1. Return the residues of region 133-158 that are in a helix (DSSP H, G or I) and either under 30 Å from N246 (Cβ atoms) or not polar (S, T, N, Q) (or both); say none if nothing qualifies.
2. Just the residues that are small (G, A, S) and surrounded by 15 or more Cβ atoms within 10 Å (Cβ to Cβ), please, taken from region 124-156.
3. Is it true that some residue in region 17-40 is in a helix (DSSP H, G or I) and free of Cβ contacts under 8 Å to residues at least 40 places away in the same chain?
4. Which of the following residues is among the small types (G, A, S), in a loop (DSSP other than H, G, I, E, B), in contact (Cβ under 8 Å) with a residue 24 or more places away in the chain and under 23 Å from A23 (Cβ atoms): G53, G130, G78, G70?
5. Any idea which residue in region 164-185 is nearest to P305 (Cα to Cα), counting only those that are in contact with a Ser or Thr (Cβ under 9 Å, 6 or more places away or on another chain) and in contact (Cβ under 8 Å) with a residue 24 or more places away in the chain?
6. Would you confirm, using the coordinates I've provided, whether T101 is surrounded by fewer than 18 Cβ atoms within 10 Å (Cβ to Cβ), within 21 Å of the chain's Cα centre (by Cα) and at pLDDT 95 or above?
7. Return the total of residues in region 177-225 being more than 14 Å from L131 (Cβ to Cβ) and touching a strand residue (DSSP E or B) at 6+ places or on another chain (Cβ under 9 Å).
8. I161 - would you say it is out of contact with any Phe, Trp or Tyr (no Cβ under 6 Å at 6 or more places or on another chain), farther than 30 Å from F9 by Cβ, assigned to a helix (DSSP H, G or I) and aliphatic (A, V, I, L, M)?
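The values are calculated or read from the model by the stated rules, or taken from the named source; none is laboratory data. The structure presented is a predicted model; accordingly, all values stated were derived computationally and were not measured. Neighbour counts are summed over all protein chains in view; Cβ atoms, including those assigned to glycine, are modelled from backbone coordinates with ideal geometry.
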Amino acid sequence: MQGADAITFALIGWLIRATLQMATPLVLAALGGMFSERSGVVNIGLEGMMLVGAFSAVAVTYFTDNPWFGFAIAILAGGALAAVHAIVCVKFKGNHIVSGTGIILLGAGITTLGLELVWGIKGRSDEVFGLPNVVIPQIQGIPIIGTAFGSLSPVIYLMFIMTVVCWYVLYRTPFGLRLRAAGEDPSTLDTAGVNVEWYRAIGVILSGCLAGMGGAYLSIGFENAFAKGMTAGRGFIALAALIFGNWTPIGCLLAGIFFGFLYGLDYALQLTLGIEVVGDYISFIQMVPYLLVIVALAGIRRSIPPKAVGVPYEKEKRA
């Protein structure tokens, strides 16, 4: 029994750990999408922004041997790509979906070209230094807790901090009030003398910064290299988490953790059944999280988007 209990505790601990690891990029990108869509701009380009963030983190770390510097540049790179989306959608009133699709293609193209320019290959970069894990030796011997929380990437803790910060900014600051007004009732905001386009652009750029942060976690927080297309649709799952979480910070966190848990089941199945058994069914098992996400989204009933999201705002002309 003791041996069986130990295995059970280890599996539970690994599942919690895998859930947090898988949830982190989803939550960060979902929080970013929240800022963009709360301001009134649809952002399906999160996938491209995550890709650029992931590549930038590895490339800068490769040349500087400083993963924290790479992490910071990844945030800026995601924001820079988001600025392109903001210019198209906010300044030139372009179609948000078309622009977002273009951002995804641009991100994929830039990172593929970057792999060839820096490493001379199109598939996977060389390994670099990753962000050091936060190790808590005092709890590592505790069943479940030690396995789950004994050694985690600092970005996982940052995910929880950013959720609180985003909640405070969105609901407890004048900036957050104006940004929400830009997505709910931009004409009233404009009447109050506030520049709607400015707040929408900031919302989009913030979304890129947070998506870049999520991408950086994948490449130097979870792995130590960049691979072509390594986001593997996580930007779209983050959008699903955003909708599932009803465009709120806490909702994004809970939805991201839920979807992270579905991803974590993949690892739990491999540990439980064994690699040899899973090998024959690996494609089906990897498909399970996406199927469960679709099922979960089908159950959404009360997700209400901002009223003016996706609607270009034309500034009222005053006599």
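1. To start, the set of residues in region 133-158 that are in a helix (DSSP H, G or I) comprises 137-139, 145-149, 154-158.
Within region 133-158, P137, I139, I145, G146, A148, F149, P154, V155, I156, Y157, L158 qualify.
2. Our first condition is that a residue be small (G, A, S); within region 124-156, this holds for 125, 130, 141, 146, 148, 150-151, 153.
Matches in region 124-156: S125, G130, G146, A148, G150, S151, S153.
3. Residues of region 17-40 that are in a helix (DSSP H, G or I), as a first pass: 17-38.
Right, trim to free of Cβ contacts under 8 Å to residues at least 40 places away in the same chain and you get none.
No.
4. Details: G53 fails: in a loop (DSSP other than H, G, I, E, B); G78 fails: in a loop (DSSP other than H, G, I, E, B); G70 fails: in a loop (DSSP other than H, G, I, E, B).
Just one listed residue meets the conditions, G130.
5. G183
6. Working: surrounded by fewer than 18 Cβ atoms within 10 Å (Cβ to Cβ): yes; within 21 Å of the chain's Cα centre (by Cα): yes; at pLDDT 95 or above: yes.
Taking the combined requirement at face value, the residue satisfies it.
7. Taking region 177-225 and keeping what is more than 14 Å from L131 (Cβ to Cβ), we get 177-212.
Pick out the ones that are also touching a strand residue (DSSP E or B) at 6+ places or on another chain (Cβ under 9 Å) and you get none.
Qualifying residue count, region 177-225: 0.
8. Values: out of contact with any Phe, Trp or Tyr (no Cβ under 6 Å at 6 or more places or on another chain): yes; farther than 30 Å from F9 by Cβ: no; assigned to a helix (DSSP H, G or I): yes; aliphatic (A, V, I, L, M): yes.
In short, no.
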